[in-house]
Amino acid sequence: MTIKVGDKIPSAKLQHKTKDGVQTITTDELFKGKKVVLFALPGAFTPTCSAKHLPGFVNHFNELKGKGVDTVACLSVNDAFVMSAWGKDQNVGDKVMMLADGNGDFTKAVGLTMDGTGYGMGLRSQRYAMVVDNGVVKKLQVEAPGAFEVSSAEAVLKAL
């Protein structure tokens, strides 16, 4: 079942790489008491993700913060090392938290998986963006297959 507006974010563990190595963060730690924009995409270093999706959130970070967003996070079904390397490649600095959902546990829990086996990618995340306030989904914008419209930073800013 796909998560929807008004639902509480399910409990899951995600990973991110810091200067101290790979760290685990729970969804409770990520979302409790904060307004978070979480955007997810099929894969690090993939064309649309690298050329448009992630750069949009880096470029519009200050505007998102100005709308009361505490954290901007990018999630993909990749490992923390890949997400960290991609973040460095894209010059995200400390603007976007690069989250790894390596086994796809969170992605499965929110019902937003994508079958990329036909492309040699296995099970991945659909492309989407959500606004989560204190652990509750306030906005959810899921892309149609192959599209990039409703989950862009610009679309999220309009929704805020």
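In table form, for the structure just shown:
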read-out	value
From TYR128, TYR119, residue being of a type in the set (Phe, Trp, Tyr) and over 15 Å from VAL37 (Cβ atoms)	TYR119
Output for the stretch 57-82, where each listed residue is in contact (Cβ under 8 Å) with a residue 60 or more places away in the chain, part of a helix (DSSP H, G or I) and buried (at least 16 other Cβ atoms within 10 Å of the Cβ)	PHE57, LEU64, ALA80
Failed item in (1) of a type in the set (A, V, I, L, M, F, W, C); (2) crowded, with 17+ Cβ neighbours inside 10 Å; (3) in contact with a strand residue (DSSP E or B) (Cβ under 7 Å, 6 or more places away or on another chain), with PHE148 passing the rest	(3)
Some residue of the stretch 22-45 being of a type in the set (D, E, K, R), in contact with a Phe, Trp or Tyr (Cβ under 7 Å, 6 or more places away or on another chain) and under 21 Å from VAL132 (Cα atoms)	no
Cross-chain or 6+ apart pairs with Cβ under 7 Å, the stretch 10-28 first and within 17 Å of LEU112 (Cβ to Cβ), then assigned to a loop (DSSP other than H, G, I, E, B) and among the small types (Gly, Ala, Ser)	THR27/SER11; THR27/ALA12
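Rundown of residues vs (1) in a strand (DSSP E or B); (2) free of Cβ contacts under 8 Å to residues at least 24 places away in the same chain; (3) surrounded by fewer than 17 Cβ atoms within 10 Å (Cβ to Cβ), yes/no style:
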position	(1), (2), (3)
SER84	no, no, no
THR107	no, no, no
GLY111	no, no, yes
MET121	no, no, yes
ARG124	yes, no, no
VAL131	yes, no, no
LYS138	yes, no, yes
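Read-outs throughout are calculated quantities, based only on the coordinates presented, and are distinct from any laboratory measurement. Owing to the predicted nature of the structure, the values given are computational and were not obtained by experimental measurement. Backbone-built Cβ (ideal geometry, glycine too); neighbour counts: all protein chains shown.
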